[in-house]
Amino acid sequence: MSTKDQVIIFDTTLRDGEQSPGASMTRDEKLRIAKQLEKMRVDVIEAGFAIASPGDFESIKAIANTVTESTICSLSRALDADIDRAGEALVGAASGRIHTFIATSPIHMKYKLQMTPEQVIEHAVHAVKRAHNLISDVEFSLEDASRSELDFMCRIIEKVIDAGARTINIPDTVGYAIPEEFGYTIGQLLQRIPNADKAIFSVHCHNDLGLAVANSLAAVTAGARQVECTINGLGERAGNASLEEFVMAIRTRKDLLGLQTNIDTTQIVPASRLVSSITGFPVQPNKAIVGANAFAHESGIHQDGVLKHRETYEIMTAQDVGWQTNRMVMGKHSGRNAFRSRLDELGTTFSSDAELNHAFARFKDLADKKHEIFDEDLIALVSDVRAADAYEKYKLSSLNVTSQTGEVPVAQVSLVVDGAEFKAESEGGGPVDAALKAIEEIVRSDSTLELYSVNAITSGTDSQGEVTVRLEKEGRIVNGMGSDIDIIIASAKAYVHALNLLDANIQKAHPQV
């Protein structure tokens, strides 16, 4: 196939994905995901929004200085300070891109920007020229393009291409578009804009109506050649177009679409697991491609068909997307080097010997309790260790819960707060409720529990449980995570992690505020 048949994959998990409430990531977590995206051969990684916070700036800078096989991108509004900050963050990139945007729909221009269409064009052209003076690769986005007027889009796109933009992004910012309509819009832009051949047209679809992937496919059918997406469909509100779904649709229906991507699809499931583990957003079992049931067959008719000929009920193989039967045959007698080597293979490295030693000690403890150790157990274990080590105001010392038929559950907890130990006891509607109430007796956080979720990491009754706790306080939302073969302990760990995140008071500005 020629380059005209190549669709560029632009991953925005680290930027738009992070805008999911509670999905904020640390610099090291972003770096781990970026390395996995590079391994998956993602073409462009949008690493963040440089001016949003010092943390975002440092994350982009670290990724730009580390990842060499993917283009590293920073978002910026059409403002001088934003653009300059993005350029500064990308100085060390082997291949860098500034992605600047301004709203173009009548409702946004009138009520949010309070600008005339001519003023918007002027700002857009100035922004692209300023970005182009800093870096050769400039992308321009028309925010809320799916509710923008076609004639106005043609005018502004022609101007920004003349100013130096080489990628033009048409976002369905609020998930409003319908595939036929969206495909028609892309086709019209490519046909009507005189200098359209000087830029790659891109789309960025949100999933408010569940049509993000369908709209992205309609766009590439009409001639767009870059798609912006996220791992697991993570993103604001209902999320973004799912990278795994779009890529596998392109691969599976090459007969109809005649398109291809550079993605190493065997890295899709590892990427999905890593993002889920770091963000605390579990993947639903029936999620396409990466859900636990994606390649499972329970119906007798289906099972019979698959046994006779796999393709009767499977349009792709589980191995194509990275599903493996990997099992780590290690136990309490396994050594530190074997432990480190397997995690290296899974894309997880340690920043220090102390971190390795802590994780290895946890592995030994787990091996004493659990007969078989799976890759998923290792990933969860390392995430749990890093969550515990990241912020240390609160630390779970001990937990004892009494729960029996006909009796009210009681929890006794010991918590270390700034080095001093405190104890409390509380009743609850269940053992988890009692444990969390006992913790609250000590910390009195005044936070609201928004979400409590339990996910089995592997199969079997000895599986570790991975618990996500979402807390809200004064407008801030955080996700705490904890894992253990004891669900009650995992719940307490997750709650303490969330409390530590609240205490750390990490602030992240929204790009559009």
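Couple of notes before you dig in:
- Among the residues of the stretch 392-421, those that are within 13 Å of L499 (Cβ to Cβ) and either of a type in the set (F, W, Y) or part of a strand (DSSP E or B) (or both) comprise Y394, K395, L396, V413, L415, V416, V417.
- Taking the stretch 54-71 as the range and being surrounded by fewer than 22 Cβ atoms within 10 Å (Cβ to Cβ) and either assigned to a helix (DSSP H, G or I) or outside the structural domain of T12 (by TED's automatic domain parsing) (or both) as the test, the residues that pass are P54, G55, F57, E58, A62, N65, T66.
- Verdict on I278 being in contact (Cβ under 8 Å) with a residue 60 or more places away in the chain, farther than 28 Å from G480 by Cα and assigned to a helix (DSSP H, G or I): no
- Among the candidates L79, L90, the residue that is touching a helix residue (DSSP H, G or I) at 6+ places or on another chain (Cβ under 7 Å) and either surrounded by 20 or more Cβ atoms within 10 Å (Cβ to Cβ) or assigned by TED's automatic domain parsing to the domain that holds V138 (or both) is uniquely L90.
- Condition check for T185: polar (S, T, N, Q) and farther than 23 Å from F10 by Cα: no
- Complete set of residues in the stretch 415-437 that are touching a helix residue (DSSP H, G or I) at 6+ places or on another chain (Cβ under 9 Å) and closer than 13 Å to K493 by Cα: L415, V432, A435, L436
- Residue check, A411 buried (at least 17 other Cβ atoms within 10 Å of the Cβ) and at pLDDT 95 or above: yes
- Which listed residue is in contact with a Pro (Cβ under 9 Å, 6 or more places away or on another chain), in the same structural domain as V42 (by TED's automatic domain parsing), at pLDDT 95 or above and under 25 Å from Q188 (Cα atoms), from S148, S105: S148
- Total residues in the stretch 426-454, condition in contact with a strand residue (DSSP E or B) (Cβ under 8 Å, 6 or more places away or on another chain) and farther than 23 Å from L502 by Cα: 3
- Checklist (1) buried (at least 17 other Cβ atoms within 10 Å of the Cβ); (2) among the charged types (D, E, K, R); (3) over 28 Å from E181 (Cα atoms) applied to K129, failing item: (1)
The values are calculated or read from the model by the stated rules, or taken from the named source; none is laboratory data. Values in this document were obtained by computation on a predicted structure and should not be read as measured data. Heads up, the Cβs are rebuilt from the backbone with ideal geometry, glycines too, and the neighbour counts pull from every protein chain shown.
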